[in-house]
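FYI, it's all coordinate maths here, none of it is from the lab. Just so it is clear, the model here is predicted, and its values are computed rather than measured. As a convention, Cβ positions derive from the backbone with ideal geometry for all residues, glycine included, and neighbour counts pool all protein chains shown.
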């Protein structure tokens, strides 16, 4: 596979890609680093992983309360998450992960028949 590197100075980039240039310069929308690491295999889920499965702010509040109550996150971390939820919204934690997200993403190429145990 051949890859090419595109070299542009700032003015040329601005002329060729005005909307993208404007978006980059504004820097108003930031996404969590987790969105950049989507191809990593799943480990133990953290608070953000649970929040990304929520469909509403109310559901996210319940998750934060539960994690705080069970001491999976500290009071300080719970307050940080609540503040982010109220000020930036649920999508600020990353894109929604629906049912079967992990099995579809990480197990889709797994050959179940090959690894099934054969009866004695």
Task: Label-point separation, residue 79 to residue 96 (7 Å along Cα→Cβ), nm - done: 3.2 nm
Open item on the list: Can you give the FRET efficiency to the nearest 0.05 for residue 44 and residue 9, using r as the Cβ-Cβ distance and R₀ = 41 Å?
Closed with: 0.35
Open item on the list: Just to be sure I understand the model, the point goes 7 Å from the Cα along the line to the Cβ. What's the resulting residue 20 to residue 65 distance in nm?
Closed with: 4.5 nm
Task: Order of 51, 20 under a 10 Å beta carbon neighbour criterion, fewest first - done: 20, 51
